[in-house]
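Novice: Pasting a structure here, questions to come.
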Amino acid sequence: MHSQRGVNDEDKGIPSELSEALASPTYSLEDLSPPRYKDEEDSERARRAQAQARVRARTSGDYGDLELGSVPLLPAGHPDELRDLDDSDSDFFDYEEQSAHRDDPPLSCTLAGFHSWLRGPVPPHVYHIKPWFPRWQAAPSRLVERWAPRQGVKIALLAGGLIIWIAVFFASLQASVAGQEIPGYGRPVKLSCHHRLWTNATDCGLNGDLCLPFDEQSFAFSCPAGCSTAILLEPYDIGSTSYNYRPLVIGGKPFRMDGRNSGLYRGDSSICASALHAGLISDAKGGCGILHRRGERDNFQNYTKNGIESISFKQSFPMSFMLTRQVSSSGSGEAKLVECSDIRWSLFAFTVFVTAIFSMTVTSAPIFYSITFFIVWFQVAMASDPPGSRGFYGLLQVGIGRFLPGAFVGFALYYFCIRKTLVNLEAHADKTILWLGGCWVGALNSDTFDRIPISRLTPHDLQQQPGAITALIIIISILIVTTLIQAHCFRREGRLLSMLRLYCIMLVGIVVLVLVPNMNLRIHHYILALLLIPGTTLQTRPSLLFQGIMLGLFINGIARWGFDSVLQTPASLLEGGRLGTTPPPMNPPHIEDRSRLIFSFPEVPSHVDGISVIVNDVLRYQGFKSKDTDSVPDFAWSRRRNNQEEYFRLGYVHMNALGGVWYEDFSAPSTWALDGNFYYPG
């Protein structure tokens, strides 16, 4: 019986070793493994040598030349065929056998022991993400491989997909602008959420002459989505009160509740926030309307509507406006409603779908990164967070102009940092959800991180902004946990010391910048991304998320704001805020009667050129010193309305050498009451 089995096995071409194993009364599973021939052993040895080379390249940072053909656009086989040596762990592999001894020095209090602990285990523990459900994650790329096995066809599919996105994206944007034609008004003026007719008292000049016209003028406008978050970020004086961290909407109590016409708003109200307050546009989709200037008005009554509480102001103001959605059709008296919407979210959904398809099918790290960088850039620059209120071609000009230097920095980021995370990454679903999803979260900074109640990291802002301290504590806690996670992983890879040296160099550079006299350090979010991306050069799931968010922040910062300077003058950081200077003293005026008073300024400091007076939030007086005296002419004022209190603020003014003036901080408002008495701020 035994000999017959051996004869049959030989007839079937089964090796003698396997026949003996089958003939033995007891055998193990290892005995049933297929035989190993010399050519197979050489192939296995070569595969292990290639895997070790890739591991050493990751630990050393040496990846060779960046070539399009160095990594296939789409996989040639099942991901299991591409696995490296040890994929038994879901998060890492070693280029040593699992049974090899790893020397991991313990934490020691001695200098030599601590340095040895920082160097990490020997050999290093190189991280590599093993995909969950690998067959499902590789299904899209296998499908493409089945229908387009040749590389030329794959490149054509890739280029075709990108061209389709470009055509649909830019054609939709241009059609949305060209299609918004309002009869009698033409194309709407594209506004940002913060646009105002009257910026502030000093910018509009004496009596507001620089902000003319005050009335008899109308125009169509369009507002983007999300204007409910457009709030004041600096104190803004309205009458006797200073407001901050709320929408700038003054007045607006409707005459009738029809959703088509608004009440009267003061001229310095935010137009889009006022339209949202009146219910003429949607916070989710934006919208269009018609603005009618109404000249000087008073008694702007507050009203709470659509989640916005407006501010009351009873005194007269030179400019006011009304908003409406109704426009009369030509040749008939029939009113037609103005309809338009912001398509940014529709384009965003389409773009996310396209980038997700690329992420699941393109296995070449440089190709995937380049496509993603290009698409995310123009989604931000043209639709999601465009710079200003330019038209289609104006946005395209700015977007392309900033793209060239931005793409250069983006290439440097990939070459030195990002490819260490994306190269040889087989977990395409993890890449799509964590890396690409994080990139979109960072790229939509105005809709994500800008919602955090922290405008600037100054003690004054943190104390007065609601929720700022709590948000800061949460952010610091997250950063500490993230730093510890990344430091632990870098130590296990044997790269912690090199990362510490890199960040020490960065810290020294920041300290040097802080010490530059008469300049302030400004860490923009694109600079923050440049500083933190080197700390994400690991192939772990947390690093995928952190790196994607940082890259998105970089793209948003450059595409939206450009390469702003890391060093800025104190005045440029104020953005309309207060300088911190000492305002003029409010000397008692000479009150002739209840309707007239006179201010005298006998002595003006030598370092200033004159004094300005703001009355009821309008610049009404500007007096300058003569060559022979330090005094300025008196300011006489008559009450505008006999039944209204009036508010006065004083500020020093300087003349620029090349023309024009600039102002120091104005004093707190003083009140001229109806009984004729003058009251100073408490």
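The values are calculated or read from the model by the stated rules, or taken from the named source; none is laboratory data. Keep in mind that this is a model prediction, so the values were computed, not measured. Using ideal geometry, Cβ is built from the backbone for each residue, glycine included, and neighbour counts are taken over all protein chains shown.
Novice: Condition check: in contact with a Pro (Cβ under 9 Å, 6 or more places away or on another chain), surrounded by fewer than 21 Cβ atoms within 10 Å (Cβ to Cβ), without any contact (Cβ under 8 Å) to a residue 12 or more places away in the chain and over 16 Å from PHE416 (Cβ atoms). Does THR470 satisfy that?
Specialist: yes
Novice: I'd like to know if region 647-664 contains one or more residues that are within 40 Å of the chain's Cα centre (by Cα), surrounded by 13 or more Cβ atoms within 10 Å (Cβ to Cβ) and acidic (Asp, Glu).
Specialist: yes
Novice: Only one of (1) among the acidic types (Asp, Glu); (2) surrounded by 13 or more Cβ atoms within 10 Å (Cβ to Cβ); (3) over 27 Å from THR199 (Cβ atoms) is not met by ASP564, so which one is it?
Specialist: Result: ASP564 fails condition (3) only.
Novice: Counting only residues that are of a type in the set (S, T, N, Q) and assigned to a helix (DSSP H, G or I), which one in region 376-391 is nearest to GLN180 (Cα to Cα)?
Specialist: Filtering region 376-391 for residues that are of a type in the set (S, T, N, Q) and assigned to a helix (DSSP H, G or I), the one nearest to GLN180 (Cα to Cα) comes out as SER384.
Novice: Here is a further query. Between a first residue in region 150-161 that is at pLDDT 90 or above and a second residue that is among the small types (Gly, Ala, Ser), which pairs have beta carbons less than 7 Å apart while being 6 or more apart in sequence or on different chains?
Specialist: From region 150-161, the pairs are LYS154/ALA148; LEU157/ALA148.
A quick yes/no check of all residues on (1) aromatic (Phe, Trp, Tyr); (2) under 25 Å from LEU545 (Cα atoms); (3) assigned to a helix (DSSP H, G or I); (4) modelled with pLDDT under 95:
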| site | (1), (2), (3), (4) |
| --- | --- |
| PHE368 | yes, yes, yes, no |
| PHE374 | yes, yes, yes, no |
| TYR393 | yes, no, yes, yes |
| TYR415 | yes, yes, yes, no |
| TRP435 | yes, yes, yes, no |
| TRP440 | yes, yes, yes, no |
| ASP461 | no, no, yes, yes |
| ILE469 | no, no, yes, yes |
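Novice: Only residues that are touching a strand residue (DSSP E or B) at 6+ places or on another chain (Cβ under 8 Å) and of a type in the set (Lys, Arg): list them for region 166-203, please.
Specialist: ARG187, LYS190
Let's see how each residue does on (1) touching a Cys at 6+ places or on another chain (Cβ under 6 Å); (2) outside the structural domain of VAL327 (by TED's automatic domain parsing); (3) in contact (Cβ under 8 Å) with a residue 24 or more places away in the chain; (4) surrounded by fewer than 17 Cβ atoms within 10 Å (Cβ to Cβ):
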| residue | (1), (2), (3), (4) |
| --- | --- |
| CYS223 | yes, no, yes, no |
| LEU233 | no, no, yes, yes |
| TYR245 | no, no, yes, no |
| ILE250 | no, no, yes, no |
| ARG256 | no, no, no, yes |
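Novice: A follow-up question, please. When PHE219 is evaluated against the numbered criteria (1) among the aromatic types (Phe, Trp, Tyr); (2) at pLDDT below 90; (3) surrounded by fewer than 16 Cβ atoms within 10 Å (Cβ to Cβ), which criterion, by number, is the only one it fails?
Specialist: Going through (1) among the aromatic types (Phe, Trp, Tyr); (2) at pLDDT below 90; (3) surrounded by fewer than 16 Cβ atoms within 10 Å (Cβ to Cβ) one by one, PHE219 breaks only (2).
Novice: For the subset of region 188-241 comprising residues that are assigned to a strand (DSSP E or B) and among the polar types (S, T, N, Q), which member is nearest to LEU280 (Cα to Cα)?
Specialist: Restricting to residues being assigned to a strand (DSSP E or B) and among the polar types (S, T, N, Q), the top hit is SER222.
Novice: Look at GLY577 and say whether it is surrounded by fewer than 21 Cβ atoms within 10 Å (Cβ to Cβ) and either at pLDDT below 85 or touching a Gly at 6+ places or on another chain (Cβ under 6 Å) (or both).
Specialist: In short, yes.
Novice: A further question on this structure: Looking at this structure, is ILE527 closer than 30 Å to TRP377 by Cβ, β-branched (Val, Ile, Thr), part of a helix (DSSP H, G or I) and without any contact (Cβ under 8 Å) to a residue 60 or more places away in the chain?
Specialist: Criteria met by ILE527.
Novice: Go through region 510-524 and count every residue that is at pLDDT 90 or above and outside any helix (DSSP H, G or I).
Specialist: 3
Novice: Next question, about the same structure. Might you check whether a residue that is of a type in the set (Val, Ile, Thr), outside the structural domain of TRP198 (by TED's automatic domain parsing) and within 30 Å of GLY267 (Cα to Cα) occurs anywhere in region 622-644?
Specialist: Among the residues of region 622-644, not one is of a type in the set (Val, Ile, Thr), outside the structural domain of TRP198 (by TED's automatic domain parsing) and within 30 Å of GLY267 (Cα to Cα), which makes the answer no.
Novice: Oh, and also: Select the strands (runs of 3 or more DSSP E) contained entirely in region 582-660, then report the ones holding at least 3 residues which are closer than 22 Å to PHE313 by Cα.
Specialist: Here the list reads 610-615, 618-624, 646-655.
Novice: Considering only region 334-345, I want to know if a residue exists there that is farther than 28 Å from PHE214 by Cβ and part of a helix (DSSP H, G or I).
Specialist: The answer is yes, given that some residue of region 334-345 is farther than 28 Å from PHE214 by Cβ and part of a helix (DSSP H, G or I).
Novice: Out of all the residues in region 145-197, which are under 27 Å from the mean Cα position of the chain (by Cα) and under 24 Å from VAL362 (Cα atoms)?
Specialist: GLY161, LEU162, ILE163, ILE164, TRP165, ILE166, ALA167, VAL168, PHE169, PHE170
Novice: Separate question: Just a yes or no: is a residue in region 314-321 among the basic types (Lys, Arg), in the same structural domain as MET550 (by TED's automatic domain parsing), surrounded by fewer than 19 Cβ atoms within 10 Å (Cβ to Cβ) and touching a strand residue (DSSP E or B) at 6+ places or on another chain (Cβ under 8 Å)?
Specialist: The answer is no, given that none of the residues of region 314-321 is among the basic types (Lys, Arg), in the same structural domain as MET550 (by TED's automatic domain parsing), surrounded by fewer than 19 Cβ atoms within 10 Å (Cβ to Cβ) and touching a strand residue (DSSP E or B) at 6+ places or on another chain (Cβ under 8 Å).
Novice: Report whether or not VAL618 is among the aliphatic types (A, V, I, L, M) and under 20 Å from THR581 (Cβ atoms).
Specialist: Judged against the criteria, VAL618 is not a match.
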